[in-house]
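The values are calculated or read from the model by the stated rules, or taken from the named source; none is laboratory data. Treat the numbers as computed from the prediction; the structure is a model and nothing was measured. Reconstructed Cβ throughout: ideal geometry from the backbone, glycine too, with neighbour counts over all protein chains shown. Surface accessibility is based on the protein's heavy atoms, side chains included, excluding ligands, DNA and RNA. Shrake-Rupley method; radii C 1.70, N 1.55, O 1.52, S 1.80 Å.
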Amino acid sequence: HMLIYFGYTYCPDVCPTALQSMTLAMNQLDPETQKKITPVFITIDPKRDTAEQLNAYIENFHPSMVGLTGTPEEIAKTAQVYRVYFGRAKGIEEESTDYLMDHSSIVFLMNPDGEYVTHFTHATPPERMAEKLVKAAGS
């Protein structure tokens, strides 16, 4: 199973909150169940989120978390498959490297075949997420 979240490392609040919820939920699972679930963070900002930047960022969260990047086209195609919206926030000059990204904030739970199981929002407490993970990983 995979817990998938699209975001970016320079995000001031939404992304770290979602990744922390994923971490708290994962930490509530027994070690065997944890081995069955991989938390995945996919950047929507490949311009700034290099592999090195992603690796340093995800070290702040669950130890099994994987950070993924790619070309802007690959990321756009993947986000489209998940129906995730993202775009550079308006009002900052195009050449600036100090900008925010607007994006959907949903954690997806996918089964080992890559099929959708359910999703979680910011309103989902880590305890509820953990319950769903146990149920999904046990089946």
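Can you tell me which residues in region 36-60 are in contact with a helix residue (DSSP H, G or I) (Cβ under 9 Å, 6 or more places away or on another chain) and open to solvent by 50 Å² or more (accessible area, probe 1.4 Å)? Of everything in region 36-60, those that are in contact with a helix residue (DSSP H, G or I) (Cβ under 9 Å, 6 or more places away or on another chain) and open to solvent by 50 Å² or more (accessible area, probe 1.4 Å) turn out to be K36, K47, N60.
Show me the helices (runs of 4 or more DSSP H) found entirely inside region 41-139 where at least 3 residues are closer than 20 Å to Y10 by Cα. Quick ask: steps written out before the conclusion?
Working: elements: 51-58, 72-82, 126-138.
Counting at least 3 such residues, we get 51-58, 72-82.
I'd like the full set of residues that are under 15 Å from I37 (Cβ atoms) and over 17 Å from the mean Cα position of the chain (by Cα), limited to region 113-127. Selection gives D113 alone. Checking P126, P63 one by one, the residue that is within 14 Å of M22 (Cβ to Cβ) and either open to solvent by 90 Å² or more (accessible area, probe 1.4 Å) or at pLDDT below 95 (or both) is P63 and no other. Restricting attention to region 4-23, the residues that are assigned to a loop (DSSP other than H, G, I, E, B) and hydroxyl-bearing (S, T, Y) total 3.
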